[in-house]
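Chemist: Sharing a structure below in structure tokens format, with a few things to ask.
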Amino acid sequence: MITISIDGQELKAKEGQTILEIARENGIYIPTLCYHENLSPYGACRLCCVEIFKGGRSRIVASCLYPVEEGLEVKTNSPHIINNRKMIMELLLARCSQNEVIKKLASEMGVEQSAFKAKYLENEDCILCGLCVRACEQIVERSAISLVNRGVNREVAPPFLEPSADCIGCGSCAYVCPTGAIKMEDKDGTRVVYARNWEKEFKLKKCKKCGNYWAPEEQLEYIREKLNLPPDFFDVCPNCRESVP
Ligand code: SF4
Ligand code: FES
């Protein structure tokens, strides 16, 4: 065990943990947009920045990436950090000026408008946090979407902006997206997963017992093959399966 201090509180931590993990374990709020506890940290949004003090010097680091070390002193809300976060929020607001999540977070930090003028699309919702890409790769193990292009043209997309054969319609990307840039809708036996620049439609499986449409056929087939389940395993939905005596 090692001891660090966050905002004056002495805290115990395990080797290899990050500042953000220790802060969360101890109820200390650090804003984040690109972090998820079940995915590898990526350091994209920089909103989780904190000030660390070592050897008489201070510097700003991304708390989701920085591993704790004995005697580390951390400040999560110093004037330096507050200004830094405000600037990051202004940049995000310049990119996604109409997005409600970004507008709300900015407002909570006292940022109502951005001094930056960005050449982005008018209704941009994506902050390029990469959560969707990591969820698809690390949890679903499909890599159906990725971050492509450079500079202002950087975006999340399936290969060649075509509906990807690797996408099974599970919607993990939509669940994990912090800004709602990826959406998912189920209607009349069909699921559509879509973003500003791509979409894919899926046929939903109908439960043989209750008649409800409950999951994309492609997703169920992927799970069935992966777990070596019998061909008729997903003929009934989980609710009906549970109710079978
Ligand atoms: S689509 Fe959503 S999850 Fe994916 S990079 Fe953009 S904001 Fe992040
Ligand atoms: S949460 Fe750490 S950089 Fe985004």
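Chemist: Can we say Ser78 is out of contact with any Cys (no Cβ under 9 Å at 6 or more places or on another chain), of a type in the set (Gly, Ala, Ser), crowded, with 16+ Cβ neighbours inside 10 Å and touching a residue at least 12 places away in the same chain (Cβ under 8 Å)?
Modeler: Judged against the criteria, Ser78 is a match.
Chemist: Oh, and also: Got a number for residues in region 3-22 being of a type in the set (S, T, N, Q), more than 26 Å from Leu91 (Cβ to Cβ) and either buried (at least 21 other Cβ atoms within 10 Å of the Cβ) or without any contact (Cβ under 8 Å) to a residue 60 or more places away in the chain (or both)?
Modeler: Of the residues in that region, 2 qualify.
Chemist: Also: Got at least one residue in region 186-196 being in contact (Cβ under 8 Å) with a residue 40 or more places away in the chain and either within 16 Å of ligand 2 (Cβ to nearest atom) or surrounded by fewer than 19 Cβ atoms within 10 Å (Cβ to Cβ) (or both)?
Modeler: Scanning region 186-196, I find at least one residue that is in contact (Cβ under 8 Å) with a residue 40 or more places away in the chain and either within 16 Å of ligand 2 (Cβ to nearest atom) or surrounded by fewer than 19 Cβ atoms within 10 Å (Cβ to Cβ) (or both), so the answer is yes.
Residue by residue, here is whether (1) touching a Lys or Arg at 6+ places or on another chain (Cβ under 6 Å); (2) modelled with pLDDT of 95 or more holds:
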site	(1), (2)
Leu65	no, yes
Glu69	no, yes
Leu72	no, yes
Thr76	no, yes
Ile81	no, yes
Ile88	yes, yes
Gln98	no, no
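Chemist: Let me ask something else. Do you know which of the residues in region 23-33 that are in contact with a strand residue (DSSP E or B) (Cβ under 9 Å, 6 or more places away or on another chain) and part of a helix (DSSP H, G or I) is surrounded by the most Cβ atoms within 10 Å (Cβ to Cβ)? If you could, list the steps in order and put the result at the bottom.
Modeler: The initial filter retains those residues of region 23-33 that are in contact with a strand residue (DSSP E or B) (Cβ under 9 Å, 6 or more places away or on another chain), namely 23, 25-26, 28, 30.
Checking which are part of a helix (DSSP H, G or I) leaves us with 23, 25.
Numbers: Ala23: 23, Glu25: 13.
Among those that are in contact with a strand residue (DSSP E or B) (Cβ under 9 Å, 6 or more places away or on another chain) and part of a helix (DSSP H, G or I), it is Ala23.
Chemist: Another question, then. For Gly169, are the conditions met, namely being in contact (Cβ under 8 Å) with a residue 24 or more places away in the chain and within 26 Å of the chain's Cα centre (by Cα)?
Modeler: yes
Chemist: Is it the case that some residue within region 199-215 is closer than 25 Å to Thr32 by Cα and not aliphatic (A, V, I, L, M)?
Modeler: No, because not a single residue in region 199-215 is closer than 25 Å to Thr32 by Cα and not aliphatic (A, V, I, L, M).
Chemist: While we're looking at this one, here's another question. Can you tell me which residue among Leu11, Leu39 is within 16 Å of ligand 1 (Cβ to nearest atom) and farther than 29 Å from Ser114 by Cα?
Modeler: The match here is Leu39.
Chemist: Is there a residue being in contact with a helix residue (DSSP H, G or I) (Cβ under 7 Å, 6 or more places away or on another chain), at positive phi and not hydroxyl-bearing (Ser, Thr, Tyr) anywhere in region 155-163? Steps first, answer last, please.
Modeler: Step one: list which residues in region 155-163 are in contact with a helix residue (DSSP H, G or I) (Cβ under 7 Å, 6 or more places away or on another chain), which gives 156.
Narrowing further to those that are at positive phi: none.
No, region 155-163 contains no residue that is in contact with a helix residue (DSSP H, G or I) (Cβ under 7 Å, 6 or more places away or on another chain), at positive phi and not hydroxyl-bearing (Ser, Thr, Tyr).
Chemist: Sticking with this one: Within 16 Å of ligand 2 (Cβ to nearest atom) and either buried (at least 17 other Cβ atoms within 10 Å of the Cβ) or among the hydrophobic types (A, V, I, L, M, F, W, C) (or both), is that true of Ala135?
Modeler: For Ala135, the condition - within 16 Å of ligand 2 (Cβ to nearest atom) and either buried (at least 17 other Cβ atoms within 10 Å of the Cβ) or among the hydrophobic types (A, V, I, L, M, F, W, C) (or both) - is met.
Chemist: Okay, next question. Residues being of a type in the set (A, V, I, L, M, F, W, C) and in contact (Cβ under 8 Å) with a residue 24 or more places away in the chain: count how many of those fall in region 216-241.
Modeler: Going through region 216-241 one residue at a time, the tally reaches 4.
Chemist: Among Glu155, Glu124, Glu137, which is the only one that is within 13 Å of ligand 1 (Cβ to nearest atom), of a type outside the set (Val, Ile, Thr), free of Cβ contacts under 8 Å to residues at least 12 places away in the same chain and under 26 Å from Cys48 (Cβ atoms)?
Modeler: So the residue among Glu155, Glu124, Glu137 that is within 13 Å of ligand 1 (Cβ to nearest atom), of a type outside the set (Val, Ile, Thr), free of Cβ contacts under 8 Å to residues at least 12 places away in the same chain and under 26 Å from Cys48 (Cβ atoms) is Glu137.
The values are calculated or read from the model by the stated rules, or taken from the named source; none is laboratory data. What you are looking at is a predicted structure, and each value in this text was computed from that prediction instead of being measured. No Cβ is skipped: glycine too gets one built from the backbone with ideal geometry, and neighbour counts run over all protein chains shown.
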